Amino acid sequence: PGPVSHSASISRDNAVITSTPKPSAPLEGNFSTLRVASSRILAWSEFGCRDGLPVLFFHSNGSSRLEASLFHQQGQLSGLRLIAVDRPGIGKSEFCFSNTPEPFGHDLMELLDHLALNSVSTLTLGHGAVYALALARLDPTRINGQISLGAIPCGPLLTLRGSGLLRPWIDWSVATLVRHGWTLRELFDRKMRGNYIDTLRRELSKYDRRALNSSELRRIIILDRREALCQGSRGVAQDESIGFAPFDYQLARLTHSVDFWQGRGDDERLGRSSVLLAQQLPKGRAHIVSRQGYFFFLEHATHILSSYTKPRLAQPASIAA
């Protein structure tokens, strides 16, 4: 049997509401780089509290390190130092060909050595969770725990649900996506030249359409998307293909605690992928937030991030409806 999962509805009494991101973190210019052992350049920016508890941030697909600015104010309030890293070919990190998240995991281990960080927690959006799980597999003693926000891509989930017959088809699909990454460039560029916000309004839930009324949120999304594609679409295309690839290891062997949070409105697009993944992990828990979509974290980030500094309970806590 899998670990306990539960649905939750967070009350406004239990959360600090921050429905509109504050323009308190600079989005342009401030970043650092490291030349890793493979001679590639790895780029990162830091948000939140400079001397706070270190948390590695993993951006979603089609995004960059700048996505972490959505959590800058909440990171300050919670005493968290958010270290957001661009994946290969995205933002300011140099491209390298890969079809698994493992090489990026090794890069992150070098970065943690460089920053003299012996232990960190992780925070992910969307399929950034795939990379965070891979890092925990490579360096389990260094990862204190993980919080994953939003639904996860379907590739790993199909692998969990399906038989071995699915694996060759999925592997072939992933290889095709990577091989034709440059072909996807015009698709991504066309979205940028057009109105990407309108694309999100069509694809996301009614709750998210309301969130997108915030001019500051729209500004951050556009800047983040532009940064993700500043080297072209090759890195984004490869990143998406890796996110949809099947896991090449057993999730049951991961020993760190993982809390998945997902807005119920995201069920309409991707289903409760967080629940399915939580069931595969020995210390996985799923939280489904009522009356919210993809951007549920804008209202509940402070409540969720505060769990980094609180003792983890053995069983899921009941959250007021």
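Restricted to the stretch 211-311, the set of helices (runs of 4 or more DSSP H) holding at least 3 residues that are without any contact (Cβ under 8 Å) to a residue 60 or more places away in the chain comprises 215-228.
Which one of I147, I152 is at pLDDT 95 or above, among the β-branched types (V, I, T) and either outside any helix (DSSP H, G or I) or exposed (fewer than 15 other Cβ atoms within 10 Å of the Cβ) (or both)?
Values: I152 fails: at pLDDT 95 or above.
Result: I147 is the single residue among I147, I152 that is at pLDDT 95 or above, among the β-branched types (V, I, T) and either outside any helix (DSSP H, G or I) or exposed (fewer than 15 other Cβ atoms within 10 Å of the Cβ) (or both).
For the stretch 298-321, filtered to residues that are at pLDDT 90 or above and more than 25 Å from S119 (Cα to Cα), the residue that is most open to solvent (accessible area, probe 1.4 Å) is E299.
Number of residues in the stretch 99-120 that are small (G, A, S) and open to solvent by 10 Å² or more (accessible area, probe 1.4 Å): the value is 2.
Condition check: buried (at least 22 other Cβ atoms within 10 Å of the Cβ) and under 13 Å from the mean Cα position of the chain (by Cα). Does L80 satisfy that?
On the way: buried (at least 22 other Cβ atoms within 10 Å of the Cβ): yes; under 13 Å from the mean Cα position of the chain (by Cα): no.
No; evaluated as a whole, the condition is false for this residue.
The values are calculated or read from the model by the stated rules, or taken from the named source; none is laboratory data. Quick caveat, the model's predicted, so the values are computed rather than measured. FYI the Cβ positions are ideal-geometry reconstructions off the backbone, even for glycines, and counts take in every protein chain you see. Each accessible area value is taken on the protein alone, full model and side chains, heavy atoms only, with ligands, DNA and RNA left out. Shrake-Rupley method; radii C 1.70, N 1.55, O 1.52, S 1.80 Å.
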